[in-house]
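Step one of this worksheet: look at the structure below.
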Amino acid sequence: MIEVLAKLGRGPVFLAGEVLECVITFTNPLSASSTSASSEMLAWASAQIHCQFHASENRVALPPSDGSKHDVQAENETVFVPNRGERGQCILSTPPKILFCDLRLDPGESKSYSYCETLPVDGPPSFRGQSVKYVYKLTIGCQRVNSPIKLLRVPFRVLVLHGLKDYQFPQDEAVAPSNPFLEEEESLKKDSRLADLATELLMVATSRRSLHLYNISNTRGKVGTFCIFKTVYKIGEDVVGTFNFSEGDIPCLQFSVSLQTEESIQEEFQRRRGQPLSFTVHARHQESCLHTAQSSFSLPIPLSSTPGFTTNIVSLKWRLHFEFVTSGESAGTCLVRGSQSEAVTWTGVEQMEVDTFSWDLPIKVLPTNPILASYVSQFSSTNSITI
């Protein structure tokens with residue numbers, strides 16, 4: 001028996017263009033109850049990254065697959081096919097790398113191998129929507145002599161920040177801060193610069209603030225104004241907005257704000273022409289606001305959500321969806337007086353005519369630092385199997 005342990009050192013979330021590093025350890029465990037411990041042999045082990053695409057047959061007309069060769073090979077149990085037995089199509093894969101050949105492990109002995117690969121910048125981000133899914137996995141395949149291949153799959157998440165692949169790093173590294181007492185490989189130094197560059201670009205893009213004022217009105221008149229200071233955010237930030245109903249002509253009884261994503265299939269891949277879009281609500285705020293002069297809301301963008309993106313098959317956009325309930329009457333309350341010695345009391349009306357209307361405000365949501373997103377990832381940094 002051999003235990004195979006794969007560990008992602010920095011966490012299970014990466015930016016496209018970064019270097020994924022995984023330490024894979026093969027161990028022949030020494031059991032205290034075992035009386036006949038013996039050496040174990042593995043013929044070979046290999047590792048490869050691939051992105052698997054899933055689509056809803058009811059909503060998406062799948063493009064023709066070019067993975068027919070993989071399907072034929074999958075019938076042979078001695079061929080390393082990373083996506084063997086998985087649903088959907090493999091739309092992206094890196095070249096396989098051999099970790100070792102003919103490994104012998106004595107009882108209690110273990111050996112570790114480091115796998116490094118740059119994540120492609122032209123691939124889609126990780127996404128689990130209602131119509132399509134893009135799932136990234138690192139697959140480690142290993143085989144005993146005259147035995148079928150065993151696969152260890154390590155799922156991870158990929159964030160895509162557009163513009164990184166077009167950036168040219170300066171050739172002169174003398175101006176870059178460095179530690180003379182540490183020796184860093186060039187790939188690791190570039191990977192670190194890439195993460196720092198992404199953080200800087202995101203900070204610049206999301207720190208710009210300017211006042212955006214919108215008049216809220218229906219067919220009968222003005223209800224109020226809405227104020228927001230920016231429309232570009234990172235996942236993990238809060239969307240904050242304020243309302244001013246003091247200058248409105250129409251009383252607003254209630255409002256709700258939903259943070260939503262809009263998932264749309266490109267027209268050439270739609271199962272039915274003009275099929276409806278898919279919406280997902282990530283946060284919602286609702287408030288009764290009769291006789292309220294000002295109000296506000298704060299909606300968090302989940303770190304586990306997917307930033308907006310577009311591929312040849314699907315497009316994901318973010319928006320704020322507003323719903324307002326307004327009164328058809330001027331006041332919406334009635335005054336009840338008693339005798340001169342009694343206090344004046346206000347009571348609500350039993351019936352009221354209302355109007356409802358909605359409004360959508362598009363916003364832009366970008367990725368964040370992958371280390372921050374790793375803290376809430378559903379994936380584990382450590383995976384193992386026994387063969």
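Residue by residue through the range 205-220, note down the ones that are assigned to a strand (DSSP E or B) and of a type in the set (S, T, N, Q). Before you say what the answer is, go through the steps one by one.
Our first condition is that a residue be assigned to a strand (DSSP E or B); within the range 205-220, this holds for 212-218.
Once the filter is applied, which keeps residues that are assigned to a strand (DSSP E or B) and of a type in the set (S, T, N, Q), the range 205-220 yields Asn215, Ser217, Asn218.
When every residue of the range 264-280 is checked against the conditions, none turns out to be open to solvent by less than 20 Å² (accessible area, probe 1.4 Å) and acidic (Asp, Glu). Can you find a residue that is loosely packed, with under 15 Cβ neighbours inside 10 Å and under 26 Å from Thr326 (Cβ atoms) anywhere in the range 230-242? Yes, there is a match, as at least one residue in the range 230-242 is loosely packed, with under 15 Cβ neighbours inside 10 Å and under 26 Å from Thr326 (Cβ atoms). Taken across the range 67-74, residues that are outside any loop (DSSP other than H, G, I, E, B), modelled with pLDDT under 90 and more than 34 Å from the chain's Cα centre (by Cα) do not occur at all.
Residue under question is His291, and the condition is that it be assigned to a loop (DSSP other than H, G, I, E, B) and farther than 15 Å from Lys133 by Cα; does it hold?
Working: assigned to a loop (DSSP other than H, G, I, E, B): yes; farther than 15 Å from Lys133 by Cα: yes.
Yes; evaluated as a whole, the condition is true for this residue.
Filtering the range 281-302 to residues that are buried (at least 16 other Cβ atoms within 10 Å of the Cβ) and under 14 Å from the mean Cα position of the chain (by Cα) leaves His282, Ile301. Just one of the listed residues (Phe53, Phe80) is at pLDDT below 80 and either touching a His at 6+ places or on another chain (Cβ under 6 Å) or surrounded by 15 or more Cβ atoms within 10 Å (Cβ to Cβ) (or both), and it is Phe80. Within the range 303-324, the set of residues being open to solvent by 40 Å² or more (accessible area, probe 1.4 Å) and of a type outside the set (Asp, Glu) comprises Ser304, Thr310, Asn312, Lys317.
Among the residues making up the range 1-15, those that are within 21 Å of the chain's Cα centre (by Cα) and open to solvent by less than 10 Å² (accessible area, probe 1.4 Å) are Leu8, Gly11, Pro12, Val13, Phe14, Leu15.
The values are calculated or read from the model by the stated rules, or taken from the named source; none is laboratory data. Just so you know, these numbers come straight off a predicted model, no measurement behind them. Counting neighbours? That spans all protein chains shown, and the Cβs are built from the backbone with ideal geometry, glycine included. Ligands, DNA and RNA are stripped out before the accessible areas are found, and what is left, the full protein with its side chains, is counted by its heavy atoms. Shrake-Rupley method; radii C 1.70, N 1.55, O 1.52, S 1.80 Å.
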